[in-house]
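Notes follow once the structure below has been shown.
The values are calculated or read from the model by the stated rules, or taken from the named source; none is laboratory data. Everything quoted here is computed from the prediction, not taken from an experiment. Cβ sites come from the backbone with ideal geometry, for glycine too, and all protein chains shown count toward neighbours. When the accessible area is computed, the model is the full protein with side chains, heavy atoms only, and any ligands, DNA or RNA have been set aside. Shrake-Rupley method; radii C 1.70, N 1.55, O 1.52, S 1.80 Å.
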Amino acid sequence: MALSVLLNIRHASYDLFADLFLYKFGEDEYKQLLEKIDLVDKELGKQLEETIGIRVNEIKRVFSETKRSGYLIEYSTLFLSGFGAKPLLPVESKRLFQLMGEKVATFKYTDVINFYRSRGIVMRFSSQFNPEPDHISSIFAFMSLLIEEEYEQRSEGKDPFKVLQDEKNFAITHIFSWIPDWASDVINDPRSSIYKVVCSELAKFLRFERKYLGVN
């Protein structure tokens, strides 16, 4: 498979999961999410399943079988309430604060901010529920940006070594360090229905990414 196609698949995957983990409280936002899932399924669904194993049609199915009210209840119960046997807040520093204490959480948060600053990124707030800089959606959005940067550099005949190292380092430090365990906790939480499916597909993608980036 051509490298440009792989980059497109990876970019689309991070972009889709970034949207899936944002709280779509508004009716229009929720409708746009459903439209995006449908579009990705139509345009890249087959490639994503054959290359990575992600079944976008399964994500589409579970959303279609659930009312918007059910989605709102599940998202808020799992990811906003802070209740449950394990912390499911999809925010790196908040999860680590609960599991490992303030020192580790602060270090990780500062490191995320430094990565963003290296690309001149300032967080913009556009809805009622704004994700933290180290929210899973923010982290995935940043990875999709790095992949865009890699694609542009390759298209211009430049050496992408630096951005490739940034992709790998950011993934090791802020994705593989907590998101696979977090996704597993979501999958095993009895309150999870929509996000049991979403996190099952995410787990497949992260296994692919670990191999693709050469992370042990």
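Taking the alpha carbon gyration tensor of segment 121-216, multiplying each eigenvalue by 5 and rooting it gives semi-axes of 27, 18, 11 Å, largest first.
Counting Lys and Arg as +1 and Asp and Glu as -1, what is the net charge of the other residues whose Cβ lies under 11 Å from the Cβ of Thr77? All intermediate terms of the calculation are to be shown ahead of the outcome.
Details: positive: Arg191; negative: Glu74, Asp189.
With Lys, Arg at +1 and Asp, Glu at -1, the neighbours total -1.
Seen from every direction in turn and averaged, the convex hull around the alpha carbons of segment 58-151 projects onto 8.2 nm².
Take the eigenvalues of the Cα gyration tensor for the chain, scale each by 5, and report the square roots as semi-axes in whole Å, largest first.
On the way: eigenvalues 132, 101, 52 Å².
Values for the chain, descending: 26, 22, 16 Å.
Using the Cβ of Val40 as centre and a radius below 12 Å, the other residues enclosed give a net charge of -3, where K and R count +1 and D and E count -1.
Once all protein chains are placed together, Phe97 keeps about 120 Å² accessible to a 1.4 angstrom probe. With a simple spin-label model that places each label point 7 Å from the Cα along the Cα-to-Cβ direction, the separation between Lys36 and Asn130 comes to 1.8 nm.
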